[in-house]
Amino acid sequence: MYHPHMETLIHREALARFGYALSDGTRSQILLRLRSGPGYPSDLAEQIGVSRQILSNHLACLRGCGLVVAVPEGRRTRYELADQRIGRALDDLMGLVLAVDPACCSDAQDEGCC
């Protein structure tokens, strides 16, 4: 039985995957585009400004993380968020205002920083 104050390995893993997905600007852009509705790889690549191959690699990562699903449509494949709650979570995150120390998290040099 789930208790709201219990942290499970599944919850930690899901958060880690979500964080990993958001840690890359291209993957973040893909997720933000898909929160408003499904998209096709060629359209997404053009909107984001990356090659289809780069987009394909990032979509594979997002599928592997369980954040997007591929839906075959004849000769094309449509991508969409795996769960509507992902879009709501992105909306919530976009509404955050953070006071950020510019010296922190600029690269991986300060491992204990973030």
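The values are calculated or read from the model by the stated rules, or taken from the named source; none is laboratory data. All of these numbers come straight from a predicted model, not from anything done at the bench. All Cβ positions, glycine included, derive from the backbone under ideal geometry; neighbour counts span all protein chains shown.
Counting the residues of the range 72-94 that are over 14 Å from Arg27 (Cβ atoms), in a helix (DSSP H, G or I) and not charged (D, E, K, R) gives 4. Among the residues examined, Gly95 qualifies as loosely packed, with under 12 Cβ neighbours inside 10 Å, closer than 25 Å to Ala16 by Cβ and of a type outside the set (D, E, K, R). Among the residues of the range 24-37, are any over 18 Å from the mean Cα position of the chain (by Cα) and modelled with pLDDT of 95 or more? No: zero hits.
Residues that are in contact (Cβ under 8 Å) with a residue 12 or more places away in the chain and of a type in the set (A, V, I, L, M) within the range 23-60 comprise Ile30, Leu31, Leu32, Leu34, Leu44, Ile48, Val50, Ile54, Leu55, Leu59, listed in sequence order. For Asp110, the conditions (1) in contact with a helix residue (DSSP H, G or I) (Cβ under 6 Å, 6 or more places away or on another chain); (2) at pLDDT below 95 are fulfilled apart from (1). Restricting attention to the range 31-58, the residues that are assigned to a helix (DSSP H, G or I) and over 18 Å from Asp92 (Cβ atoms) total 15.
Provide a single number: the residues in the range 9-23 that are among the aliphatic types (A, V, I, L, M) and within 9 Å of the chain's Cα centre (by Cα).
We begin by selecting, within the range 9-23, every residue among the aliphatic types (A, V, I, L, M); these are 9-10, 14-16, 21-22.
Of the ones still in play, those that are also within 9 Å of the chain's Cα centre (by Cα) are 21-22.
Within the range 9-23, residues that are among the aliphatic types (A, V, I, L, M) and within 9 Å of the chain's Cα centre (by Cα) number 2.
Please work out if Ser56 is loosely packed, with under 11 Cβ neighbours inside 10 Å and at pLDDT 95 or above. For Ser56, the condition - loosely packed, with under 11 Cβ neighbours inside 10 Å and at pLDDT 95 or above - is not met.
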